[in-house]
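Asks: Following this message is one structure expressed as structure tokens.
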Amino acid sequence: MKRSKGSGHAEAYQPQAFDIAREQFGMETALRRAIDRGQLRLNYQPIYDLSSGRLVSFEALARWRDEAGMEYLPSDFIPVAEESGLIVPLGRWAIEEAVRRLAEWDARFGGDCGVKIAVNLSAIQLQRDSITPLLQSALTTHGLPGSRFTLELTESALVTDPDRIAGIMHGLKGLGTTIAMDDFGTGYSNLAYLQKLPIDILKIDRSFVTGMLADRDKVAIVRAILSLAQALGMQTTAEGVETSDLAQTLAALGCTYAQGFVYARPLEAEDAYALLETRRH
Ligand code: C2E
Ligand code: MG
Ligand code: MG
Ligand code: MG
């Protein structure tokens with residue numbers, strides 16, 4: 001509804017801002033319903049060991065398809081979930097679903113299917129919820145050890161209350177989990193936290209990895225992260241590996257793990273399980 005009165009830009013901008021707010025609210029309502037009705041699911045992107053070529057884990061990535069069949073990506077709904085507090089039930093669901101799924105895969109496989117699942121944790125979720133007892137209880141319910149899971153945190157988790165987050169990370173490590181610092185290199189410039197926190201893996205953000213072969217600066221950043229990780233006794237995962245040349249270069253540079261479209265996009269659970277089955281032979 002554009003009003004004809006007046007001519008300022010502010011006038012023209014108003015209805016637009018209103019629409020954005022309304023759309024956010026609409027999405028929040030829809031997301032709340034989707035969580036309640038179980039319309040979210042996890043897709044699984046394989047992660048490979050670069051030196052052996054072995055499939056070692058799957059990263060669980062949330063997906064949402066609404067009643068009309070419209071598919072939303074995390075970049076659409078995770079920010080809404082974080083602003084509205086829905087990240088708490090969403091994050092709880094993701095942990096429980098990932099644990100349930102790995103137990104199901106083991107059962108079908110007839111024993112330990114040999115991979116871990118990595119679950120993303122949002123900074124806001126860590127501030128507002130108690131993740132450790134939740135994970136502990138899911139593990140007990142499904143009879144799995146914490147060592148079958150990786151938790152991916154971003155540096156933004158460390159900004160507001162680093163001591164509290166450090167405590168949470170130690171609690172999670174106490175369950176036997178692997179801790180990965182996600183999107184490393186894009187967040188926080190104070191690297192002092194690296195020596196204080198129980199971090200096992202640095203995940204090199206895909207903004208440095210994809211297209212790296214044509215960009216000396218990116219190569220320099222990736223090399224620096226790899227040597228930092230090595231010096232600190234941490235492993236590394238490169239995200240966004242889209243070509244086999246890139247995978248070979250990363251392997252030669254000593255990167256531990258890789259994920260990306262050259263291997264597979266995030267897969268539906270059934271397709272991920274099929275990939276596990278092919279590994280048997
Ligand atoms: P992330 O944790 O850094 O996940 C990696 C993202 O990179 C995924 O996007 C994945 O599909 C994408 N990706 C992987 N390989 C390639 C590649 O070769 N090329 C390109 N172009 N992209 C690649 P996705 O699934 O859209 O997820 C985006 C972000 O949303 C994730 O980034 C993560 O921060 C967040 N997210 C996803 N699921 C959850 C969840 O359950 N909880 C929370 N808190 N955050 C989640
Ligand atoms: Mg991640
Ligand atoms: Mg990442
Ligand atoms: Mg990333």
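The values are calculated or read from the model by the stated rules, or taken from the named source; none is laboratory data. Keep in mind the model is a prediction, meaning the values are calculated, not measured. With ideal geometry, Cβ positions are generated from the backbone for all residues, glycine too; neighbour counts draw on all protein chains shown. Remember, those area values only see protein heavy atoms, side chains included, never the ligands or the DNA or RNA. Shrake-Rupley method; radii C 1.70, N 1.55, O 1.52, S 1.80 Å.
Asks: Kindly establish whether Asp271 is closer than 26 Å to Ala166 by Cβ, open to solvent by 20 Å² or more (accessible area, probe 1.4 Å) and either within 16 Å of ligand 1 (Cβ to nearest atom) or of a type outside the set (Phe, Trp, Tyr) (or both). Steps first, please.
Replies: On the way: closer than 26 Å to Ala166 by Cβ: no; open to solvent by 20 Å² or more (accessible area, probe 1.4 Å): yes; either within 16 Å of ligand 1 (Cβ to nearest atom) or of a type outside the set (Phe, Trp, Tyr) (or both): yes.
Here the answer is no, as Asp271 does not meet what is asked.
Asks: How about segment 111-134: which of its residues are modelled with pLDDT under 95, part of a helix (DSSP H, G or I) and polar (S, T, N, Q)?
Replies: Selection gives Gln125, Gln127.
Asks: Moving on to the next point. Go through (1) assigned to a helix (DSSP H, G or I); (2) open to solvent by 30 Å² or more (accessible area, probe 1.4 Å); (3) at pLDDT 90 or above and name the single condition Arg41 misses.
Replies: (1)
Asks: For Ala81, which of the numbered conditions (1) over 26 Å from Ala258 (Cβ atoms); (2) within 11 Å of ligand 1 (Cβ to nearest atom); (3) surrounded by fewer than 20 Cβ atoms within 10 Å (Cβ to Cβ); (4) not acidic (Asp, Glu) fails to hold?
Replies: The number of the failed condition is (3).
Asks: Take the conditions open to solvent by 10 Å² or more (accessible area, probe 1.4 Å) and under 30 Å from Leu139 (Cα atoms) and apply them to Lys196. Does it pass? Show your work before the answer.
Replies: On the way: open to solvent by 10 Å² or more (accessible area, probe 1.4 Å): yes; under 30 Å from Leu139 (Cα atoms): yes.
Yes; evaluated as a whole, the condition is true for this residue.
Asks: May I pose another question? Here are Thr150, Thr178, Thr154, Thr132: which of them is in contact with a Gly (Cβ under 8 Å, 6 or more places away or on another chain), within 24 Å of Ser227 (Cα to Cα) and either open to solvent by 10 Å² or more (accessible area, probe 1.4 Å) or within 16 Å of ligand 1 (Cβ to nearest atom) (or both)?
Replies: Numbers: Thr150 fails: in contact with a Gly (Cβ under 8 Å, 6 or more places away or on another chain); Thr178 fails: in contact with a Gly (Cβ under 8 Å, 6 or more places away or on another chain); Thr132 fails: within 24 Å of Ser227 (Cα to Cα).
Sole residue among the options that is in contact with a Gly (Cβ under 8 Å, 6 or more places away or on another chain), within 24 Å of Ser227 (Cα to Cα) and either open to solvent by 10 Å² or more (accessible area, probe 1.4 Å) or within 16 Å of ligand 1 (Cβ to nearest atom) (or both): Thr154.
Asks: Residue by residue through segment 185-210, note down the ones that are more than 16 Å from ligand 3 (Cβ to nearest atom) and touching a Lys or Arg at 6+ places or on another chain (Cβ under 7 Å).
Replies: Our first condition is that a residue be more than 16 Å from ligand 3 (Cβ to nearest atom); within segment 185-210, this holds for 189-198.
Residue satisfying the conditions is Pro198 alone.
Asks: Report, ordered by the first and then the second residue, all pairs with beta carbons closer than 8 Å, sequence separation of six or more or different chains, a first member in segment 42-56 that is more than 18 Å from Leu253 (Cβ to Cβ) and in contact (Cβ under 8 Å) with a residue 60 or more places away in the chain, and a second member that is near ligand 1 (Cβ under 10 Å from one of its atoms) and among the aromatic types (Phe, Trp, Tyr).
Replies: The qualifying pairs are Pro46/Tyr263.
Asks: Right, another one. Restricting to helices (runs of 4 or more DSSP H) lying wholly in segment 135-219: which have 2 or more residues that are touching a strand residue (DSSP E or B) at 6+ places or on another chain (Cβ under 9 Å) and farther than 21 Å from Ile124 by Cα?
Replies: Those helices (runs of 4 or more DSSP H) span 206-209.
Asks: Could you tell me which residue of segment 208-239 is nearest to the chain's Cα centre (by Cα), considering only residues that are open to solvent by less than 60 Å² (accessible area, probe 1.4 Å) and of a type in the set (S, T, N, Q)?
Replies: Within segment 208-239, the match that is nearest to the chain's Cα centre (by Cα) is Thr237.
Asks: Still on this structure, I have one more. Among residues belonging to segment 44-77 that are farther than 26 Å from Gln259 by Cα and open to solvent by less than 70 Å² (accessible area, probe 1.4 Å), point out the one that is farthest from the chain's Cα centre (by Cα).
Replies: If we filter segment 44-77 for residues that are farther than 26 Å from Gln259 by Cα, which is where we start, we get 66-70.
Now restrict to residues that are open to solvent by less than 70 Å² (accessible area, probe 1.4 Å): 66, 69.
Numbers: Asp66: 22, Gly69: 24 Å.
Once the filter is applied, the top-ranked residue is Gly69.
Asks: Based on this model, can you work out whether Thr236 counts as closer than 20 Å to Pro46 by Cβ, away from ligand 2 (no atom under 16 Å from the Cβ) and modelled with pLDDT of 95 or more? Full working, then the answer.
Replies: Values: closer than 20 Å to Pro46 by Cβ: yes; away from ligand 2 (no atom under 16 Å from the Cβ): no; modelled with pLDDT of 95 or more: yes.
For Thr236, the condition - closer than 20 Å to Pro46 by Cβ, away from ligand 2 (no atom under 16 Å from the Cβ) and modelled with pLDDT of 95 or more - is not met.
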